[in-house]
Amino acid sequence: LMDGLPTAVREALPRVTDASAMLAAEIEALRGRERAISGELRTARATAGEDRSQRVATLEHAREVARARLGTAMAALESIRLELLRLQADAAPAGGMTEQLEVLAALRRHVDAVGEVERALQREAGRPAPTPA
């Protein structure tokens with residue numbers, strides 16, 4: 001989608017491609033995490049033992065957290081995609097500069113939000129958070 005935008009618009013949004021790639025990678029990782037947790041959950045439910053119910057509850061919670069993060073990441077990526085589509089539509093001669101600037105501002109907010117989410121997820125995972133570009 002970025003390739004279909006005027007050069008000036010692409011240059012005004014240098015972090016969009018990076019944010020989109022980061023979100024796509026995060027989505028894949030979260031899907032894998034959810035699958036892994038689901039497998040562990042099936043195993044935990046099939047085993048007997050005193051700590052079975054605690055283990056199942058812990059895994060169910062972890063799966064719900066992964067699903068929530070997945071939903072958030074997917075929504076953020078979709079928001080970026082929709083804003084880029086709006087920019088492409090507004091780039092036509094009929095679109096005014098004001099509308100394009102509004103879409104650019106909205107897209108920048110989405111990209112900034114993605115960065116905040118990534119830093120929060122890294123802090124939660126115990127990894128050092130990258131500094132904003």
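How many residues are more than 13 Å from Glu83 (Cβ to Cβ) and hydroxyl-bearing (Ser, Thr, Tyr) when one looks only at the range 14-36?
1
What residue, among those in the range 59-81 that are touching an Asp or Glu at 6+ places or on another chain (Cβ under 7 Å) and of a type outside the set (D, E, K, R), is surrounded by the most Cβ atoms within 10 Å (Cβ to Cβ)? Walk me through how you get there before you give the answer.
Kept after step one, since they are touching an Asp or Glu at 6+ places or on another chain (Cβ under 7 Å), are these residues of the range 59-81: 59, 63, 66-67, 70, 73.
Still in the running and of a type outside the set (D, E, K, R): 59, 66, 70, 73.
Values: Leu59: 19, Ala66: 20, Leu70: 18, Ala73: 24.
Only one residue fits best here, namely Ala73.
I'm trying to understand the selection: among the residues of the range 39-58, which are open to solvent by less than 80 Å² (accessible area, probe 1.4 Å) and in contact with a Lys or Arg (Cβ under 9 Å, 6 or more places away or on another chain)?
Those that are open to solvent by less than 80 Å² (accessible area, probe 1.4 Å) and in contact with a Lys or Arg (Cβ under 9 Å, 6 or more places away or on another chain): Glu40, Leu41, Ala44, Thr47, Gly49, Val56.
Can you tell me which residue in the range 65-114 is nearest to Leu30 (Cα to Cα), limited to those that are at pLDDT below 70 and among the small types (Gly, Ala, Ser)?
The residue in question is Ala91.
Assuming Ala36 fulfils every condition listed in (1) open to solvent by less than 60 Å² (accessible area, probe 1.4 Å); (2) outside any helix (DSSP H, G or I); (3) at negative phi apart from one, which condition is it?
Failed condition: (2).
The values are calculated or read from the model by the stated rules, or taken from the named source; none is laboratory data. Note that this is a predicted model, so its numbers are computed, not measured. Cβ: placed from backbone, ideal geometry, glycine included. Neighbour counts: every protein chain shown. When the accessible area is computed, the model is the full protein with side chains, heavy atoms only, and any ligands, DNA or RNA have been set aside. Shrake-Rupley method; radii C 1.70, N 1.55, O 1.52, S 1.80 Å.
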